[in-house]
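The values are calculated or read from the model by the stated rules, or taken from the named source; none is laboratory data. Keep in mind the model is a prediction, meaning the values are calculated, not measured. Reconstructed Cβ throughout: ideal geometry from the backbone, glycine too, with neighbour counts over all protein chains shown.
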Amino acid sequence: MSDTPRMDVLSRRIHLVTGKGGVGRTSLAAALAWAAAREGKRVLLTQIGDAEGGYSAIGRKFGRDQLTPDPEPLGPDGLRGCHVWATRGQEQFARSVIPAGPLIRAALNSKVLRKFATAVPSLHELGVFYHLLTLLEAQHEDGRPEHEVVVADMPATGQTLALTSLPDILLDALPDGPIPKAMRRGQAYLNDPAKTAAWVVTLPELLPVTEALELIDGLRATRVHPAGILLNRIPEDPFDADERRALSALLLEQPLHGSAAFHRIGVARAAEERLRSGTDLPIFPITEVPDADSPRTEAAIEPMLRDQLASFLS
């Protein structure tokens with residue numbers, strides 16, 4: 001369809017999938033990574049996690065309860081995955097500055113010091129940022145980047161902006177030294193629209209749409225390029241304009257079975273109109289698929305999402 005927008009994914013290397021909690025970021029990040037791998041790219045799918053965080057939401061999409069901070073094959077050809085851990089990044093950064101690897105690792109494995117590192121402002125984000133940076137800088141044996149496409153399942157809105165604003169905050173406080181050097185290396189990736197795109201995931205509801213518009217402004221303030229919006233879980237609308245008007249009038253007179261579903265379609269249409277009036281970014285509609293509680297299994301749901309995203313790739 002000529003009016004369908006295209007996701008400029010394959011020409012960019014880094015894709016940050018972000019949005020408020022509960023909008024389906026993880027499922028769409030996994031689907032986007034799969035779609036890129038299907039095009040023959042070496043793809044890394046990452047999720048910001050915790051060494052003590054339990055099961056992996058990304059891993060579950062590929063039949064694994066856990067992922068480690070080291071990239072490992074996820075099953076589809078060319079697709080690898082890992083968690084981004086603050087403690088791994090803190091260790092990597094410390095080792096780059098102080099040649100005492102075993103001592104640093106032992107210190108960061110201390111629960112007391114880990115709690116301290118988590119509590120110190122920006123230290124947690126620094127670890128996450130540096131681990132992600134080392135993954136981006138990893139080289140293949142042929143000298144090219146180890147991962148041609150990197151898809152990051154980012155945390156919820158506030159944590160994402162804390163991460164993307166970190167370089168400017170630290171560069172203002174520390175104009176010189178190893179931390180600013182690392183921040184500038186990261187900025188060369190994240191603030192370059194030719195290399196990095198942020199994809200904002202939202203639902204067709206007024207509150208999530210409002211937060212998505214605020215997130216877009218926040219990303220731009222941190223000089224991260226928002227490339228488009230994934231409008232997720234759009235309910236099927238089988239009615240034309242005349243049918244909608246007739247049903248609306250009927251439901252005003254008496255409630256009927258299916259009233260809530262019909263009302264949800266109207267809410268979704270209003271939310272989409274609000275989104276389109278609030279931004280000029282391309283919007284990619286993702287049709288709702290059955291819940292995991294339905295007779296379809298999650299394994300059946302995920303291909304439906306993957307195929308929808310793959311249809312947008314250019």
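Annotations for the structure displayed:
- Any hit, the stretch 167-175, residues being part of a loop (DSSP other than H, G, I, E, B) and free of Cβ contacts under 8 Å to residues at least 60 places away in the same chain: yes
- Hits in the stretch 14-62 - residues which are of a type in the set (A, V, I, L, M), crowded, with 24+ Cβ neighbours inside 10 Å and out of contact with any strand residue (DSSP E or B) (no Cβ under 6 Å at 6 or more places or on another chain): ALA30, ALA31
- Unmet requirement for PHE239, which otherwise passes all of (1) surrounded by 11 or more Cβ atoms within 10 Å (Cβ to Cβ); (2) part of a loop (DSSP other than H, G, I, E, B); (3) modelled with pLDDT of 80 or more: (3)
- Scan the stretch 63-91 for residues that are surrounded by 20 or more Cβ atoms within 10 Å (Cβ to Cβ) and β-branched (Val, Ile, Thr) and the total you get is 2.
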